Amino acid sequence: MIGRLDEDASAVALRWAELIDASDALELYQQPELDIVTYFPALDPATLTAVDAASARVLADGMSGPDPVFLSTLKADREAFTARHPKVTADAEGARILRSVLMKPESELYVERLHDRVERLTRALAKE
């Protein structure tokens, strides 16, 4: 049973990675490993400082308001980040990126709503 849950969670994470790849508001940090999806707001110009601030803001805004979404962040150091995203200007030692773990069986039913909510939070930053 555990193996089946891991497979389901991995499939959901891959589905969300596809949605992020198709998005102009979010960028996939790296392909998911098991049930963990890492991503960050797509910015222009893209700098580590801007990614860090935008990720922190999406996290904070996502947990407040009438439609909360619970995310977490992960600190990616400069070398790891720029190795994966060489077009991002390395103006800091690293940046927080967003991280979501999709281990619950109901994640499959929720992933598109979750993606939409995170995209809306990210787009709201661009309007400010």
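The values are calculated or read from the model by the stated rules, or taken from the named source; none is laboratory data. Computed from a predicted structure; not experimentally measured. Here Cβ is always computed from backbone atoms with ideal geometry, including for glycine, and neighbour counts include all displayed protein chains. Heads up: the accessible areas ignore ligands, DNA and RNA and are worked out on the full protein's heavy atoms, side chains in. Shrake-Rupley method; radii C 1.70, N 1.55, O 1.52, S 1.80 Å.
For this structure, a couple of remarks:
- Residue check, Ala90 under 17 Å from Ile36 (Cα atoms) and either of a type in the set (A, V, I, L, M) or touching a Gly at 6+ places or on another chain (Cβ under 7 Å) (or both): no
Table: residues versus (1) open to solvent by 10 Å² or more (accessible area, probe 1.4 Å); (2) in contact (Cβ under 8 Å) with a residue 12 or more places away in the chain.
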position	(1), (2)
Leu34	yes, yes
Pro45	yes, yes
Val58	no, yes
Gly65	yes, no
Thr73	yes, yes
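- Qualifying residues in the range 16-48 (those that are of a type in the set (A, V, I, L, M, F, W, C) and touching a Lys or Arg at 6+ places or on another chain (Cβ under 7 Å)) - the one nearest to Glu128 (Cα to Cα): Ala25
- Test: residue in the range 77-95 that is of a type in the set (Asp, Glu), more than 15 Å from Leu125 (Cα to Cα) and modelled with pLDDT under 95: no
- Single condition Ala50 does not satisfy, out of (1) surrounded by fewer than 17 Cβ atoms within 10 Å (Cβ to Cβ); (2) farther than 30 Å from Ala11 by Cβ: (1)
- When the range 1-22 is filtered for residues that are farther than 17 Å from Arg123 by Cα, at pLDDT 90 or above and surrounded by 17 or more Cβ atoms within 10 Å (Cβ to Cβ), the ones remaining, listed by number, are Ala13, Arg15, Trp16, Ala17.
- Taking the listed residues Ala25, Ala42, Ala60, the one that is more than 13 Å from the chain's Cα centre (by Cα), within 13 Å of Leu125 (Cβ to Cβ) and hydrophobic (A, V, I, L, M, F, W, C) is Ala60, with no other qualifying.
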